[in-house]
Amino acid sequence: MKMFIRVLALVLLVLIISHPTADASQVHAELAHGSQLAGGPLRSFELPPWEDVQDVLMLRNYNTKLVVLSTMILGVASGFVGSFLLLRKRSLMGDALSHACLPGIVLLFIIMASAGGSGKSLVGLLLGASLTGIIGVGVVMLISSTSRVKDDAAMGIVLSVFFGIGIAMMTMVQKTPGQSSAGLIDFIYGKAASMVLQDFVLLSGVAVVIAALCLLLMKEFALLCFDQTFGKCIGLPVHLLDVLLMILVAAVTVLGMQAVGLILIIAYLVTPAATARFWTDNLRVMLLLSALFGAMSGWLGASLSALLPRMPAGAVIVLMAAVLFILSMLFGTSRGILKRVISHRQLKIKVGRQHMLRAVYELIELRYKTSAKLSLPNKSIHYANLLSHRTWSAASLSHLLRRGKREDHIEKFDGMHVSLTESGFGEAARITRNHRLWEIFLITHADIAPSHVDRDADSVEHVLSPEMVRELESALEAKIDTQVIPPSPHEFFVADKPEGEKEL
Amino acid sequence: MEPSHSASHPLAIHDLTVAYHRKPVIWDIDLDIPEGKLVGVIGPNGAGKSTLIKACMDLIPRASGEISIYGKPYKKQRSLVGYVPQRESVDWDFPVSAQDVVAMGLYRKVGWFKPVRKKHLDKAREMLSHVGIEHLAERQISQLSGGQQQRVFLARALAQEAKFYMMDEPFAAVDAATERAIVSLLRELKNQGKTCMVVHHDLATVAKYFDWVVLLNMRIVDAGPTDLVFTEENLRKTYGGKLSLLDEAAQAMRHGKSHK
Amino acid sequence: MTWMPADTSIVVVGSLCAVACALPGCFMVLRRMSMMGDAISHAVLPGLALGFLLTGSRASLPMFMGAAVMGLLTAYFTQSISKWGKVDRGAAMGITFTTMFALGLLLIVQATDHVDIDPGCVLYGALELTPFNTFGVIEMAGYIIDIPHSAIVLSIVLCMNLGIIILLFKEFKISAYDPELATTLGINAQLMHYLLMAMVAVTTVAAFESVGSIIVIAMLVVPAATAQLLTDNLKIMLVISAVVGVLAAVMGHISAIIVPPMLGFDGTSTSGMIAGSAGLLFMFVWLFAPRYGLVAKLFSSRKIEVPEMVASRDSACPK
């Protein structure tokens, strides 16, 4: 992770250092060359004025409004579809599919051009793309189901062969004089800036249909992704649904190609969905968040690309999505790394505290021989006994004791004695009681030999919820008085040791 | 022999063979399951126990054979059959809660395009309470223990409200409490006149749990009431020369019989 | 159609590239990481761009290094994201390589002032220009056949790949077959994994200039998958995949000459045609392989081998 951030920082640095100065003619040469520049012939790296930033971000600037809006809508549609693609564990299928679209695009271009048109009707090109894209997915499934070639290799084959054929066909068109094929290459790298109103209407129309289908078929798709076999059993046409999902992926791919290009569209599909997964365990919420993240990436990316020179929209959108992904991976509230680290640490602290308090309580119990009702907290035990009560090092024990003191559980401790505060005593009694309840439960209900119980209880009681304790209490009511702490069902290891003579 | 395909048999299999890469997994199976029994399917690893169940539900293609559920092909009788797949067959990291999974058993009733409503979720909760984990209904499934996950699957099958249940290793790697819960559930189903066919691997508990057994090792070694069929000789035939297993089995049998 | 010396050098370069890719490709396919080739070949872009930005020249050592590092980083990030973020491996791969490719695109756009690194070139190359970029002679070589620059580079890479695979054959074999077993035997499967990734990355860079990365992706997967359908022996699989690679290069170039005129076009991309030919070869084998082919399977699927145990059907039948 650290490395990733360092690389990012390095790249940003290079970006900033290496800004060259040049004149407008070069820009035009570049545009003709096929590299993409969404921002117009601005060359210096001066930050745009704040009003411009506002205009673009608030969609007030007409020139960029279409682009930003369409990338946002696309983000919503791909967020929905991508979630199912991710949950179906078919993310890379989207990659194979998008590459397989190229021959269809070129084919339809050739057909339309030879029929007399300009060959650039978006609907036609998209139709062609869907055609070969779906064929490509079909071939992947066919190869992996009918031969020993695994699905990953099948995807690799379809991706490279279809794309290769597409490139060959495209080069044919380009090398033929009199054929204006400019614009075809935009499908590979994307060119959001070239979007016109007509494209926008088409895109948003299809995107709405895609999103609606995803929502309507949410439970069917969810079952397909979660448990295909069961789906089949209850009569769900899983193959049909699978094909439908792939068609939706193809549709998003095809729509997104114009904006981000067919290589990067897979990021649009996968990254927002994976980002959303860090924040929730609920499918509905995940779908909504995924759409939100998709739209955000599109909005930020397209705006940034419009505001800054030399920032191709597709690449910036993908990078924005990646930034959201990294942030979510670190800070996500459901599966983020930080959350897991913290909860792991909290559990460790909790376990340590419980071990320490229980050990103290057990020793008090031993020393003062009153197992039923211990109420006076100001009884102390010997530090040496505590140290030998469990297998812990002196360092870790004193660490636990110091924390206990901070938490007002330990009244005082020195090299000789340890004593509990009133609240510490209450807590220790509660913990010990839970532990014993659990032990007794295991012995009476699960036929577990008493000698094995202690370790099991150690691992379970720390995650025992109050409801669970109540359940245990009701299960055990017949056996023990609920107000008292039951005696330990097994002998302590230290019990046979002679007690220290000194008393406080 | 009773006539096959009779409508009173939850499951009638005739001449079933399933092959994988030309190697047969189960071979020439003829089997009639009587109604209202708890049927254990027993056999060594790789004997084709799961394959048998999956073939019955048209989940895998068969090389030959006919299968009927209450006298008709499975396709027409889906609503009569409940299924509990192996726990490992799904990704438990999936972002759904326990009650969502149970509600999946109701999807046929919910219908296409329609969302899962409150009444369906209530029903799902009711099923969860049947298996004793209603309090975990809202819990995401990865946060459940193995035994609880198995119970969720059982609850989902219950939600199907079928007459005939097929369960693939429901007792695999579950805690003692879950095992007891499953057994009492099976008995409850039996008392309601339903039939359960359960793939089982623990010989020690066969006689205790099931009143009918199918001994399977690629083909049917024997099938019938446990008292008659679960014999040392049949186990020897089923498990072949695995002597240690045989001893275990013999012990198990004595153990099981003494329990009765 | 007349065969010119230039054609020979195109075929030679194509074949060199194909074999250099096919060898590590076999292990990628066996380890079920075929898509990693696609990911790496996209993800080396920022490495190339950085190397170029820092040194200002193409095909320099820094560029190689940059790309190799990026290749390793792709493998590393993919693994860490799927491990730490609990993200599906495929998705982690997709996120990693698209991010890196996007970075590379941005960098290249920044660099386009200096020289023409065309992002398109990276993808589909300009194999047909190979003869014009000869070793030592920069301008216009025409019919005089010099050794193409890329032939030298690719030969070195091929020898390196071959050497590594021969030296570490059994280690690669066991780590491809069972990484955990390899680890218990004291072979660092992780290290082998990264070595393989480094080989793929370096091969990608060597190929990008002359043949483009599309050919790398195709040659990493298709010949290996084809060979997998023809044999069960790893050594033979390596040989077959190399042969398939060469065949695809030859067929690809010939069809690049023959096909466009038939369809009324002037010319096409040899790299694309080579990828297409490889696909054709795979399809042929998929259908007609003697043992694992579709046709052979269809003909034999009726017959089910009778197992010995069942052959003597003596025991009791169920009632």
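Read the figures in this text as sums done on the coordinates, not as results from a lab. Nothing here was measured: the structure is a model prediction, and the numbers come from that model. Cβ: placed from backbone, ideal geometry, glycine included. Neighbour counts: every protein chain shown.
Among the listed pairs A:348/A:379; B:23/B:49; A:348/A:405; A:339/A:405; B:54/B:208; B:163/B:190, give every one whose C-alpha distance is greater than 19 Å. As for pairs spanning more than 19 Å Cα to Cα, those are A:348/A:379; A:339/A:405; B:54/B:208.
Peptides C:95-107, A:230-242 ordered by packing proxy, namely the average of other Cβ atoms within 10 Å per residue, highest first: C:95-107, A:230-242.
Mean per-residue shielding of peptide C:278-286 is 4, counting Cβ atoms of other chains within 10 Å of each Cβ. 3J(HN,Hα) couplings calculated from phi for the stretch B:218-235 with the Karplus curve 6.51 cos²θ - 1.76 cosθ + 1.60 (θ = phi - 60°) are, in sequence order, 6, 10, 6, 7, 6, 8, x, x, 3, 4, 8, 9, 7, 10, 4, 4, 5, 5 Hz; Gly and Pro show x. The mean count of C-beta atoms from other chains within 10 Å of the C-beta of residues in C:259-272, rounded to a whole number, is 6. Couplings for the stretch B:176-183, taken from phi via the Karplus curve 6.51 cos²θ - 1.76 cosθ + 1.60 with θ = phi - 60°, read 4, 5, 5, 4, 5, 4, 5, 4 Hz in order; Gly and Pro are left as x. Please label the shape of the stretch A:48-335 as rounded, prolate or oblate, based on the square roots a ≥ b ≥ c of the eigenvalues of the alpha-carbon gyration tensor (a/c under 1.5 means rounded; beyond that, a/b larger than b/c means prolate, else oblate). Oblate, because a/c is 1.5 or more while a/b does not exceed b/c.
Shape call for the stretch A:58-207 from the C-alpha gyration tensor, a ≥ b ≥ c root eigenvalues: rounded (a/c under 1.5), prolate (a/b greater than b/c) or oblate? The shape class here is oblate. When each of the peptides A:350-363, A:160-173 is scored by the mean number of other C-beta atoms lying within 10 Å of its residues, the order from highest to lowest reads A:160-173, A:350-363. Taking the fewest neighbouring Cβ atoms within 10 Å as the starting point, the ordered list for B:23, B:123, B:114 is B:23, B:114, B:123.
Neighbouring Cβ atoms from other chains, within 10 Å of the Cβ of residues in C:219-229, number 4 on average. Neighbour counts of other Cβ atoms within 10 Å put A:440, A:185, C:10 in the fewest-to-most order A:185, A:440, C:10. For residue A:410, the residues whose modelled amide H falls within less than 5 Å of its own, excluding neighbours fewer than 5 places apart on the same chain, are A:405, A:421. A simple count of charges around residue A:427, restricted to other residues whose Cβ falls under 12 Å of its Cβ and scoring Lys, Arg +1 and Asp, Glu -1, yields +2.
Would you please put A:412-422, B:77-87, C:23-33 in order of how densely packed they are, using the mean number of other Cβ atoms within 10 angstrom per residue and starting with the highest?
Taking the mean over residues of other Cβ atoms within 10 Å, the ranking is C:23-33, B:77-87, A:412-422.
Rounded if a/c is under 1.5, else prolate if a/b beats b/c, else oblate: with a ≥ b ≥ c from the C-alpha gyration tensor eigenvalues square-rooted, which is the stretch A:200-254? In terms of gyration-tensor shape, prolate.
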